[in-house]
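These notes are about the structure you will find just below.
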Amino acid sequence: MMTTEDLETQLECLAGEWPAESVADAVAGRVKSETAWPLSGDDIAPEVLSSPSFGPEARRSYFYPAIGLLTTCLAGIVAAAWLLLPQTLHAALQQSLRKSNSWHVTIEASVDEGSRRGEVWFHREHGFRTELDGQVTVDNGTKSFTWSTTAEDSIVLLRPSMDGIAMVAEMCDLSRVPRDWKKQRDTTLDRLVGTEECSAYLLVRNEQPGIPQGAQQRMIVLVDDQTRPRQMIHQTFENSEWKQQRVIAIDYEHSVPGSVFKPDYPEGAKVVDVQSALDERFPLSAARAVQQKDGLIFAVHDLVPIDDGTWYSVTSVRGTPEYLREYPPSKRRVNLNYSALDVAHQMGSHGSAGSGTQLLMFQMEWQGIDYLWRLVFWNNNLRPDHGAGPGKLRLPLYAAHMHPERQDSRGVQLATLVDIDVPVDTDKPLALEDVIARARLDMKLAGHVAGETGALRVAISMRNQTVDFVSFDDISDAEYAKEMLKARWQMQTGNWRGDDPPVDWVATIPDADDVEPEPEPMFSDEPRELQPKVTGTVVDLDGTPVAKAKVIVRLRRFSKKNDGEEKGPGPWSAVTDAEGRYSIAPTGTIRPNHDEVRIRVSADGFADVDAYEYEHGLLTGEFSPVELPKGRRFTGQFVNADGEPVTKAIVRFQSSNADLSVTWDSGPFPVSRDGTFSIRAPINSKVAAAVYPVQYAPRFVEMTEEEDQGRILLSKGVSLKGRVVDRNGKGVPKAVVGIRSTDHLVLHAYVVLIGTAVRTDDNGYFQLPPLDGQYELSVGNAMADYSQQMMLTGDAPPMIEPITIDVSEQSSKDLIVLQE
Amino acid sequence: MQTNAELLQAVLNNKDPQAFLCLVLRYERLVWSTAWPVLRDYHLTQDVTQETFVKAHLHLRELKEPEAMGFWLCQIAKREALRVSGRRDSAVPLDGQEPEAPVTDTKLSEEQQTLIDLIGRLPEHEREVIALRFLNGHSVADVAVLTGLAVGTVTKKISRAIRRLQALKHNEQVALPAPRAEQG
């Protein structure tokens, strides 16, 4: 869990970079514009207050028009407010621009090589035009045209209209002037801007000792008689003098000829409508192969062999109309022009999970479709001779569903896997450079479509891990091909130090027989047969084998339908030999996403360990080694107030030593039939247990130094009922109510708390187990049940704030209501 | 630091606009954190924050306890946010197209969104002390003055809120996948 210090630091960072602009000046304008000094009965006669012409509705009817009228009158006051209030310069500029019918902005910046200049013209009736770094954008209020005046290829990008004022504010990049800079009037800097006498204000970064000279900076803001920013000069202090970095000049109510707003792009330029460009490049109707599964449509748009044995593929995945209706995608803003729709995300081929058999070149999402460009090679699942029939290649594809409801019982995103047979022509393999050139054209188009911020980078990555980033414009096809070859060499040789491959290195494709078969990863829910024999080892923390250790391997099978766990195959037990090795002979199947493998090991002189093991072991035949810390025994018995043993309880021990080198968790296990427990925990550690008894209140127990902890008293507690209701008072069914103790025990690394969860019935009612103490109740679609070490899942409820209850102040007759 | 009572007196008796703006600056982050988790839309949250203060200004005389200002504003903000949220959800575009899903604004990083969401899930009395202490940078002593609580109580409230934030954050993290038993 995150430490208090970390959280406090995060809060302080949040305060330092608070994302919202102050509403103070806007509120100031509104409270001034309304008659609205705080009303009281003394101010206005009651009959007037209740009359239709002065009621709340009447006030609303004139309130908004009044704002409109007063906006103009108050323009000066509001614009001046940034001088007095902590509104940012960025916001003040936007406000002034929005209030003007036309304007012209010039931005000049010093850069290493000289200077850059940008210009923007705006007219409320015509639209806007920007010219910056050889790129022109003309926006006529309905459409926006963008073209480059320097690029060789004459392409004009056609987009829907944009917010020109927001755009120019971004171009001015005033975010470097935070609100906490000191603002002060400086009459010595007053001067004419154009023909207008302007007053100067200085914005100075708050003094911070130790700031190096070059980092000291200030902004001179010249404002006109309407207190609108007319010129902003950004300076840094270098070599004992203030040096100009940027000058932004604004000419309000500027006379601009209408011709400026005509899209005068070069004759013969190709106009690319970014809305339909990718669809036109990769239409579904022209895909090489298409397959539908689980509501997703997978398409292979391109699949060509390369002369070094790799394959280049372009694939996509999208939802069917029915799927999109059932699982509407959420929108995620990527940049000013581009919002992604999250439907499904391709994740490479399933054959790549183990040894890495692909290079991910580029991936992008556009209008709910996920596109993936990659190189696939020496994949045992991807070979021309694979059983797809003559002239076809079987390409495995899989994609993770992005909708929150498409998750399994453990809250893991569901994935769909398909094998698509794609017609291929293997006779004429292409050179890697040719393929790269082909990919770059696509990527350029994709970059245009999504905007540079979102997409114009080339990632060479594997195993979902980025190896290198290469700026798209700074690399030639040959260089890019070299990078790909290097990445492939790294993958094949396991050299991750960033070395270049030897000059004489030639990529090879291993024979099918040489490639070790690997199990398919767990991305589908289909049951998989277990290996007939699975082995493993048990060692101590020094790596010495532990003999005669008892090993029990069991499957925890989670089921949403059965509300928790259901019976699966096993358990299987074994004893380690002198080398610490053991083997089991499991039978049955494992259900990926629903099953969890647990290995419980106990040996004399060691702590009992309940280790989590990935499913992988049961499918490959080899478990990871289990390490046992030295341990000591604790025993005890749970009893009620009458001294009778409490026979039904789940107990979970945790411990940690002071230097955090040993942390240990017993996992939940039941007490014996006489209410006793016996557990070996690591030595030299603080040990505590959370006990979850049936019909008694859960509690913490901190272990003393003694082996026998004696009789541990459990109280009856109070069993409470509650209801989750929406804003209309209607019960919310199948929501999960999480219960967390507000008290906890700290064991160096661990924070032990009592936490469990229940689900509401069809009418929103729920029943809590007996509790004692103070608890927080929160509502969600998934809450952790620590007593079972699992998540309880349900349907997504509306937003409901958590509440805290003190059980000692409640009666079992009370109904706790959690309302939206 | 001027107390809420002093500022309220200045607003109500002297009709001092600056005094009300001081209150806005003092509480706008608290109000924002209350509205954001309901709306998850930058501009709507800004609107609701603004509306909350305009409404508060109109009804300022109804506030009997100046120390309850934060709690009172939270209540107004939550009501306003729910009202706006309902309006947004029920809005039917005139052109017959499907309404757009709410856009999560890029003005907030993912980390900021998560943190403000968590703050928004705190009970109001804890949200207020967290906002005043951390988002506005008031000292614990100042928070005590503003909320009318003893310094010790404020400290306890802050500790409890921090623990609650930790647990909420932890719960978000343990949602994927099931907790794993650690061993030495």
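Only the coordinates and a few stated rules stand behind these numbers; no lab work does. On a predicted model such as this, the values are computed, not experimentally measured, just so you know. Cβ placement follows ideal geometry from the backbone for every residue including glycine, while neighbour counts extend to all protein chains displayed.
Summary table
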| item | result |
| --- | --- |
| Rough spin-label spacing in nm, given labels placed 7 Å along Cα→Cβ, for A:Asp173 and A:Leu284 | 4.2 nm |
| Cα-only Debye scattering, region A:218-282: base-10 log of I(q)/I(0) at q = 0.15, 0.17, 0.25 Å⁻¹ | -0.76, -0.79, -1.07 |
| Projected label distance in nm at A:Asp477 and A:Glu267, using a 7 Å step from Cα toward the beta-carbon | 3.1 nm |
| Modelled label reach - B:His125, point 7 Å along Cα→Cβ, region A:718-745 residues with backbone N closer than 17 Å | A:742-743 |
| A:Arg673 paired with A:Gln810, simple spin-label distance in nm, labels 7 Å along Cα-to-beta-carbon | 3.5 nm |
| Stretchable slack from A:Asn763 to A:Glu706, in nm (0.36 nm times residue separation minus alpha-carbon distance) | 15.6 nm |
| R0 of 45 Å, Cβ-Cβ distance A:Gln367-A:Gln216: FRET efficiency to nearest 0.05 | 0.45 |
| Compactness of region A:671-820 as Cα Rg over 2.2 N^0.38 Å, two decimals | 1.15 |
| Region A:609-765: relative contact order as a whole-number percent, Cα under 8 Å and 6+ apart | 23 percent |
| Calculated FRET efficiency for the pair B:Ser109/A:Gln774, C-beta based, R₀ 35 Å, to 0.05 | 0.55 |
| Whole-number Å³ per residue for the convex hull built on Cα positions in region A:192-312 | 414 Å³ |
| log10 of Debye I(q)/I(0), alpha-carbon scatterers only, for region A:662-712 at 0.19, 0.20, 0.25 Å⁻¹ | -0.72, -0.81, -1.27 |
| Residue-span extension gain [A:Ser715 to A:Glu579] - 0.36 nm each, minus C-alpha spacing | 44.2 nm |
| Förster-model FRET efficiency, 56 Å R0, A:Asn684 and A:Asp726, C-beta, rounded to 0.05 | 0.60 |
